[in-house]
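The values are calculated or read from the model by the stated rules, or taken from the named source; none is laboratory data. Note that the coordinates shown come from a computational prediction; the quantities given were computed from them, not determined experimentally. Methodologically, a virtual Cβ is constructed for each residue, glycine included, from the backbone with ideal geometry; neighbour enumeration extends over all protein chains shown.
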Amino acid sequence: MDLRISTLAERPHLAGEVGNMPTAWPEFMLNDPIADLYYTVAATAYPEFVVVATADGRLAAKAMSVPLQLDDGPLPANGWDGVVMRAWRTRLRGDRPNAVSALEISIRPDLLGRGISGVMLDALREQAAGLGFAELIAPVRPNAKHLEQSTPMSEYAFRTRDDGLPNDPWLRVHVRAGGTIDSVAPRSMAIPGTLNQWRRWTGLPFDRTGPAEVPKALNPVHVAVEEDHAVYVEPNVWVRHALR
């Protein structure tokens, strides 16, 4: 497949397609309340950090990232949400960013399984390096973890195959691209909702208090029927990509 890869800054007319491109994300993952701090301004505030790929004149994939000011020390335990909030604060204060974090790589569903995700990751790395950054960090969502929701991420993330590469396919793509698994972000995303919202997002009854396994979730959702709410707290895996 012949992909034309650029940034949204170079092709701003694709902004609408970027926002509306079909993806394979489960609906509940589209309801993180922190996400609007990024997605509502991504096309105007961070266009050079949004990488797009087209094929036959149509948007095929997008890779979203964001610049931020990051303190020395361990990467934040609140992972994806933490990056978005720090990036918002960096922009609001007019601070100079010293890091770039990947946020999302999505492929059009009819093009999955063709290796495009690795191409987009390489493009994100190249773009961050070209903008002068020494490192790309990523709160990675391992794409086979949903098959083992009861397994702690601290165990799952560091499993390797006989060849030493990660057992998880998406983590393996990152390591092959030059990334290093750093740590677990135990509360990378928090998605709260009423029981009716969760029923609408998942089609499940949510009629019992306690943990509930939801398809495509990485660990169980916490349900409180008497309080009429459920909360999903997703762990991710921090990966560092040295660019110099």
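For the range 201-244, a residue qualifies if it is part of a helix (DSSP H, G or I) and either among the aliphatic types (A, V, I, L, M) or in contact (Cβ under 8 Å) with a residue 12 or more places away in the chain (or both), and the qualifying residues are TRP201, THR202, VAL225, GLU226. Would you mind stating whether ALA230 is within 18 Å of the chain's Cα centre (by Cα), over 26 Å from ASN167 (Cβ atoms) and at pLDDT 95 or above? Spelling it out, it is not the case that ALA230 is within 18 Å of the chain's Cα centre (by Cα), over 26 Å from ASN167 (Cβ atoms) and at pLDDT 95 or above.
Just to check your reading of the model, which residue among THR23, THR44 is outside any strand (DSSP E or B), hydroxyl-bearing (Ser, Thr, Tyr) and more than 17 Å from the chain's Cα centre (by Cα)?
When all the criteria are applied, what remains is THR44.
Within the range 49-59, does at least one residue satisfy the condition of being closer than 21 Å to ILE191 by Cβ, of a type outside the set (Val, Ile, Thr) and not in a helix (DSSP H, G or I)? Among the residues of the range 49-59, not one is closer than 21 Å to ILE191 by Cβ, of a type outside the set (Val, Ile, Thr) and not in a helix (DSSP H, G or I), which makes the answer no.
Report yes if ASP72 is under 16 Å from the mean Cα position of the chain (by Cα) and over 26 Å from ILE5 (Cβ atoms), otherwise no.
Against the criterion (under 16 Å from the mean Cα position of the chain (by Cα) and over 26 Å from ILE5 (Cβ atoms)), ASP72 does not qualify.
Here GLN149 meets each of (1) touching a helix residue (DSSP H, G or I) at 6+ places or on another chain (Cβ under 8 Å); (2) in contact (Cβ under 8 Å) with a residue 24 or more places away in the chain; (3) surrounded by 15 or more Cβ atoms within 10 Å (Cβ to Cβ) with one exception, condition (1). Do any residues in the range 60-86 that are farther than 14 Å from ASP32 by Cβ have Cβ atoms under 9 Å from those of residues that are of a type in the set (S, T, N, Q) and assigned to a loop (DSSP other than H, G, I, E, B), where the two are at least six apart or on different chains, and which pairs are they? Between residues of the range 60-86 that are farther than 14 Å from ASP32 by Cβ and residues that are of a type in the set (S, T, N, Q) and assigned to a loop (DSSP other than H, G, I, E, B), the close pairs are LYS62/THR23; PRO67/ASN98; LEU68/ASN98; GLN69/ASN98; LEU70/ASN98; ARG86/GLN69.
Inside the range 1-21, residues that are more than 23 Å from GLY118 (Cβ to Cβ) and acidic (Asp, Glu) make up a count of 0.
Is it the case that SER188 is of a type outside the set (A, V, I, L, M), buried (at least 16 other Cβ atoms within 10 Å of the Cβ) and assigned to a strand (DSSP E or B)? Yes; evaluated as a whole, the condition is true for this residue. Contact list please: Cβ distance under 9 Å, first residue in the range 157-172 and within 23 Å of ARG114 (Cβ to Cβ), second residue part of a strand (DSSP E or B) and of a type in the set (Gly, Ala, Ser), pairs at least six apart or on different chains. Every condition considered, the pairs that remain are LEU171/GLY179.
Within the range 6-21, residues that are surrounded by 13 or more Cβ atoms within 10 Å (Cβ to Cβ) sit with their Cβ atoms under 8 Å from residues that are in a loop (DSSP other than H, G, I, E, B) and of a type in the set (Lys, Arg), at 6+ positions apart or across chains, in these pairs: MET21/ARG108.
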